[in-house]
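One structure is given below, encoded as structure tokens.
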Amino acid sequence: MITAVLNIFVSIYQRLAVWGEALFALVSLLIGGIRALFAGGVGSFFLKPATQRQVFALLRGVWPNISLSRVVMKCYDNTGTALVTRRADVVDVLNRNADFEVVYGPRMRELTEGDNFFLGMQPGWDYTRDTSAMRLAARMTDVAEIVQPRAAELATKIVADSGGSIDIVPTLTLEVPWDMTDTYFGCGGERQSMQDWTTTLFWYLFQDLGADAEKGAVALQQAAELRTYLDAHIADRKANPTAAPDILNRCLALQSSDTPGMSDLGIRNNLLGLLIGAIPTISKASCLVLDELLNRPDALASAHRAALNDDDARLAQHCWEALRFNPFNPVIYRRATQDTEVATSTLRRVKIRKGQIVFAANFSACFDRFEIPEPTSFRTDRPWETYMIWGYGMHNCFGDQINQAVIPAILKPLLKQKNLRRTSGEAGQISTGDLGFPAHFHLEFDT
């Protein structure tokens, strides 16, 4: 009886807190929006993570699930748009693969000039075949034995050679993951070309919501260049074998044992997908972590202590919590395969029509007060399951284990430094290129 009464009071408190957050968010958005309007920066205002958090807080309290007939996404066929913001509903959408499908297949086929890549597949034989084979080639034990030590060694050298002033994007956050594709994937190619190709193709697959025709044409040209490189590289490796413990060699070994999906074309397409998901994602996430920590002096000091004490687990917790506040992507999208609904038997129930794109707001889910304790506090004791940094469910990022090891390894040598700070002026802010990925981020520290 006492427990039941307590649960009622807790539920009432949570509901009042959610409404209070919504009201505060509304006022903050109105004030901030008016200021941005007079300053001529409304667009940039709504792109800020802090603004998006307020938008999601308002929606969670007032209109958690939205279904519209308007088509927002232009790059993949759809009949309308829906948005879900509560954590339970986000998880529900991302777990219901039969009702909400991934949509990337058509553009995946454009990039490979034929076959799909498993990130764009629904459950089935092709998906199981390709993911199983690539798990044999990219072994989980490699992360601790090969990938993390190499990343840590290279990052330490780069920071040590910087002399206390560093533009981390070209020299560190892009360099380390590219080195991984070269030494561990076995197919890094020419550094600058690979970084350009993978950044453009990632944008084309996942972020070109408006279907930009001009940039899309560039992406298809770069995809052809990447295919040409991989085809030639695979042929050369077969003609001139090495003993390196890299993914390409393991794929060729699987091919020699007649493993399904490991033809030259299958190997090339799987490597193309892995490359696209490696370099730009690790680089951007690393920059966002530092950007958030630099905005939080207490959290930066705590991360500095963890780095100095070689407390890698605690250092990693700072990274994931920083990405909760400053995420790589605020939403994950799926398309409804049939008429269905979300949040059945609740007041936030919403009908979803066949063909609608559903934006599952993972950013919002990580701040849902009903399931996340003290959501607005920066805490480094949250379980990993709190976060939705690289997707969720069946289509969680294939390289999530690599990301969890490499990002802290990249940042640790920097966070060890005394008085780590932004370079003064605009140079000390993240500067993005045409596709929205970090291009420059200048930092300084005391030597």
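In this structure, Thr181 does not satisfy being in the same structural domain as Leu274 (by TED's automatic domain parsing), within 30 Å of Val72 (Cβ to Cβ), under 20 Å from the mean Cα position of the chain (by Cα) and buried (at least 17 other Cβ atoms within 10 Å of the Cβ). For the range 337-368, filtering for residues that are among the small types (Gly, Ala, Ser) and more than 23 Å from Met121 (Cα to Cα) leaves 4. Identify the residue in the range 150-161 that is more than 11 Å from Val406 (Cβ to Cβ) and either without any contact (Cβ under 8 Å) to a residue 60 or more places away in the chain or touching a Pro at 6+ places or on another chain (Cβ under 6 Å) (or both) and, among all such residues, is surrounded by the fewest Cβ atoms within 10 Å (Cβ to Cβ). That would be Asp161.
Is it the case that the range 113-136 has a residue that's at pLDDT 95 or above and over 30 Å from Arg422 (Cα atoms)?
no
Against the conditions (1) of a type outside the set (Ser, Thr, Tyr); (2) over 30 Å from Glu110 (Cβ atoms); (3) at pLDDT 95 or above, Asp77 satisfies every one except (2).
If you go through the range 205-222 one residue at a time, do you hit one that is among the small types (Gly, Ala, Ser) and within 26 Å of Thr131 (Cβ to Cβ)? So that I can check it myself, show each step before the final result.
Taking the range 205-222 as the starting set, the residues that turn out to be among the small types (Gly, Ala, Ser) are 210-211, 213, 216-217, 219.
Pick out the ones that are also within 26 Å of Thr131 (Cβ to Cβ) and you get 219.
Yes: the range 205-222 contains one or more residues that are among the small types (Gly, Ala, Ser) and within 26 Å of Thr131 (Cβ to Cβ).
Are any residues in the range 355-368 in contact with a helix residue (DSSP H, G or I) (Cβ under 7 Å, 6 or more places away or on another chain) and crowded, with 21+ Cβ neighbours inside 10 Å, and if so, which ones? Once the filter is applied, which keeps residues that are in contact with a helix residue (DSSP H, G or I) (Cβ under 7 Å, 6 or more places away or on another chain) and crowded, with 21+ Cβ neighbours inside 10 Å, the range 355-368 yields Val358, Ala360, Ala361, Asn362, Phe363, Ser364, Ala365, Cys366, Asp368. Within the range 312-330, the presence of at least one residue that is of a type in the set (Lys, Arg) and within 26 Å of Ala152 (Cα to Cα) is confirmed.
Would you be able to say whether some residue in the range 313-322 is under 30 Å from Ser69 (Cα atoms) and crowded, with 16+ Cβ neighbours inside 10 Å?
Going residue by residue through the range 313-322, those that are under 30 Å from Ser69 (Cα atoms) are none.
No: the range 313-322 contains no residue that is under 30 Å from Ser69 (Cα atoms) and crowded, with 16+ Cβ neighbours inside 10 Å.
Within the range 221-243, the set of residues being in contact (Cβ under 8 Å) with a residue 60 or more places away in the chain and more than 21 Å from Thr281 (Cβ to Cβ) comprises Ala224 only. Number of residues in the range 140-149 that are in contact (Cβ under 8 Å) with a residue 24 or more places away in the chain and either over 29 Å from Glu175 (Cβ atoms) or surrounded by 13 or more Cβ atoms within 10 Å (Cβ to Cβ) (or both) equals 5.
Which numbered condition in (1) under 19 Å from Trp390 (Cα atoms); (2) in contact with a helix residue (DSSP H, G or I) (Cβ under 9 Å, 6 or more places away or on another chain); (3) touching a residue at least 24 places away in the same chain (Cβ under 8 Å); (4) hydrophobic (A, V, I, L, M, F, W, C) is the only one that Leu172 fails? Evaluating Leu172 over (1) under 19 Å from Trp390 (Cα atoms); (2) in contact with a helix residue (DSSP H, G or I) (Cβ under 9 Å, 6 or more places away or on another chain); (3) touching a residue at least 24 places away in the same chain (Cβ under 8 Å); (4) hydrophobic (A, V, I, L, M, F, W, C) leaves (1) as the failure. Among the residues making up the range 372-401, those that are farther than 26 Å from Arg334 by Cβ, surrounded by fewer than 13 Cβ atoms within 10 Å (Cβ to Cβ) and either of a type in the set (D, E, K, R) or under 11 Å from the mean Cα position of the chain (by Cα) (or both) are Glu374, Asp381. When the residues of the range 332-344 are filtered to those that are of a type in the set (A, V, I, L, M) and buried (at least 20 other Cβ atoms within 10 Å of the Cβ), the one that is nearest to Lys354 (Cα to Cα) is Ala336. Of the residues making up the range 411-435, just one is of a type in the set (Ser, Thr, Tyr) and touching a Leu at 6+ places or on another chain (Cβ under 9 Å), namely Thr423.
For the range 27-139, which helices (runs of 4 or more DSSP H) that fit wholly inside it have 3 or more residues that are buried (at least 22 other Cβ atoms within 10 Å of the Cβ) and touching a strand residue (DSSP E or B) at 6+ places or on another chain (Cβ under 6 Å)?
87-95
Being buried (at least 19 other Cβ atoms within 10 Å of the Cβ), in the same structural domain as Lys74 (by TED's automatic domain parsing), on the phi > 0 side of the Ramachandran plot and not hydroxyl-bearing (Ser, Thr, Tyr) is not true of Gly266. For first residues located in the range 110-126 and at positive phi, partners that are outside any loop (DSSP other than H, G, I, E, B) and surrounded by 21 or more Cβ atoms within 10 Å (Cβ to Cβ) and lie 6+ apart or on another chain with Cβ distances below 8 Å form the pairs Glu113/Ala223; Gly114/Asn269.
Within the range 272-312, restricting attention to residues that are among the small types (Gly, Ala, Ser) and at pLDDT below 95, which residue is surrounded by the most Cβ atoms within 10 Å (Cβ to Cβ)? Applying the filter and picking the extreme gives Ala278.
Residue check: is Asp246 surrounded by 14 or more Cβ atoms within 10 Å (Cβ to Cβ) and in the same structural domain as Met108 (by TED's automatic domain parsing)? It is true that Asp246 is surrounded by 14 or more Cβ atoms within 10 Å (Cβ to Cβ) and in the same structural domain as Met108 (by TED's automatic domain parsing).
In summary, Val358 fulfils each of the numbered conditions (1) farther than 20 Å from Ala322 by Cβ; (2) in contact with a Lys or Arg (Cβ under 7 Å, 6 or more places away or on another chain); (3) in a loop (DSSP other than H, G, I, E, B); (4) not acidic (Asp, Glu) with the single exception of condition (3).
The values are calculated or read from the model by the stated rules, or taken from the named source; none is laboratory data. In this text, all values refer to a predicted model and were calculated from it rather than measured experimentally. Methodologically, a virtual Cβ is constructed for each residue, glycine included, from the backbone with ideal geometry; neighbour enumeration extends over all protein chains shown.
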